[in-house]
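*Asks:* Supplied in structure tokens, the structure appears directly below.
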Amino acid sequence: MGIGLITLSTDPTGEDAFKAELSGLPVKTYTTRTHYDETDHDAGGFIPIPDWPVVVGTLPPSDLIKVIAFLCTSATIALGNEVLLGHLRTARPGLYYTSPGIAAVALMQRFQFQRIAVLTPYGPTLHNAIARYFSGHGIRVVADYSLAEPLNLITDNDISSVPLSRIRDELEKLKLAAAPLDALFVSCAAFSISRSDLEHLTAALGLPIMTSVNAMAWHCLDLLGEHEFAEQAIVWRRLLNASQ
């Protein structure tokens, strides 16, 4: 039972973080990487180089994988779920498919989260699109903030270098500004947030906190039918239940 993971050529952290989420579980992850048009991406689009069939064709055959997971949140937002899923289905039919954006919506809908706050590293076009993306799925972004301008985030490596303390500070501000909230979402697989970091953030803020990588790991396990392991992947549920 395996996952075909597609990561961006520029992402220094996503692959390792995703595999760490699944460490010790009976799941294999096969990874490939893709270049993309960075200029178009910044403008709110997403064009992989080479195209989808070539990228997906570099993954193992379908008898080894059951899920294709595309590890880029902003691409889902730029393209929309159905367009992204259409590309993946056409390139490799008959499997399950997900991305951080798709997984985040699935997780929020599963737990009926309707009011969220969002932290991103995106420039204005992509950052402003995220509220419309979630709104289209019945989820209201009541507060949002981008670290792109204040921290001069240009590359994925810049994003991966944002300290956890700054992420926590901004999440706390969002929580205070937008209460009541159902959850907080940290968007972008390039943010360096480990499972233990997520536990600390949840304990400190006392709210469900979702990240791109953690949400996608949960969704992959759910799609694979590993529902018990998927429940264990929801860090905030266990911690919040213990505190009640």
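The values are calculated or read from the model by the stated rules, or taken from the named source; none is laboratory data. Predicted, not measured: the structure shown is a model, and the values here were computed from it. As a convention, Cβ positions derive from the backbone with ideal geometry for all residues, glycine included, and neighbour counts pool all protein chains shown. SASA here: full protein model, heavy atoms, side chains in, ligands and nucleic acids out. Shrake-Rupley method; radii C 1.70, N 1.55, O 1.52, S 1.80 Å.
Rundown of residues vs (1) touching a residue at least 40 places away in the same chain (Cβ under 8 Å); (2) within 15 Å of LEU126 (Cβ to Cβ), yes/no style:
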residue	(1), (2)
VAL27	yes, no
THR31	no, no
ALA43	yes, yes
PRO48	no, no
VAL54	no, no
LEU59	yes, no
ASP63	no, no
THR73	yes, yes
THR76	yes, yes
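*Asks:* Let me ask something else. So which residues in the stretch 151-185 are part of a loop (DSSP other than H, G, I, E, B), over 24 Å from SER9 (Cα atoms) and open to solvent by 70 Å² or more (accessible area, probe 1.4 Å)?
*Replies:* ALA179, PRO180
*Asks:* List pairs: first in the stretch 104-130 and free of Cβ contacts under 8 Å to residues at least 40 places away in the same chain, second charged (D, E, K, R) and assigned to a helix (DSSP H, G or I), Cβ under 9 Å, 6+ apart or cross-chain?
*Replies:* ARG110/ASP222
*Asks:* Now a separate question. Output the number of the condition that SER192 fails; it satisfies all remaining conditions of (1) modelled with pLDDT of 95 or more; (2) surrounded by fewer than 22 Cβ atoms within 10 Å (Cβ to Cβ); (3) not in a helix (DSSP H, G or I).
*Replies:* Checking SER192 against (1) modelled with pLDDT of 95 or more; (2) surrounded by fewer than 22 Cβ atoms within 10 Å (Cβ to Cβ); (3) not in a helix (DSSP H, G or I), the one that fails is (1).
*Asks:* So, in the stretch 137-189, how many residues would count as being small (Gly, Ala, Ser), more than 16 Å from ILE209 (Cα to Cα) and free of Cβ contacts under 8 Å to residues at least 40 places away in the same chain?
*Replies:* Qualifying residue count, the stretch 137-189: 4.
*Asks:* Then there is this: Quick check: is even one residue across the stretch 144-156 modelled with pLDDT of 95 or more and among the polar types (S, T, N, Q)?
*Replies:* yes
*Asks:* On the basis of being within 21 Å of ALA204 (Cβ to Cβ) and open to solvent by 70 Å² or more (accessible area, probe 1.4 Å), does ASP144 make the cut?
*Replies:* Criteria met by ASP144.
*Asks:* Any residue in the stretch 190-204 that is among the acidic types (Asp, Glu) sitting within a Cβ distance under 9 Å of a residue that is open to solvent by less than 30 Å² (accessible area, probe 1.4 Å)? List the pairs, counting only those 6 or more apart or interchain.
*Replies:* Sorted first by the residue in the stretch 190-204, then by its partner, the pairs are ASP197/ILE167; ASP197/THR211; GLU199/VAL235; GLU199/TRP236.
*Asks:* Might you check whether a residue that is at pLDDT 95 or above, out of contact with any Cys (no Cβ under 6 Å at 6 or more places or on another chain) and of a type in the set (Gly, Ala, Ser) occurs anywhere in the stretch 172-186?
*Replies:* Yes.
*Asks:* Just wondering, is there one or more residues in the stretch 210-224 that are without any contact (Cβ under 8 Å) to a residue 60 or more places away in the chain and not hydroxyl-bearing (Ser, Thr, Tyr)?
*Replies:* No, every residue in the stretch 210-224 fails to be without any contact (Cβ under 8 Å) to a residue 60 or more places away in the chain and not hydroxyl-bearing (Ser, Thr, Tyr).
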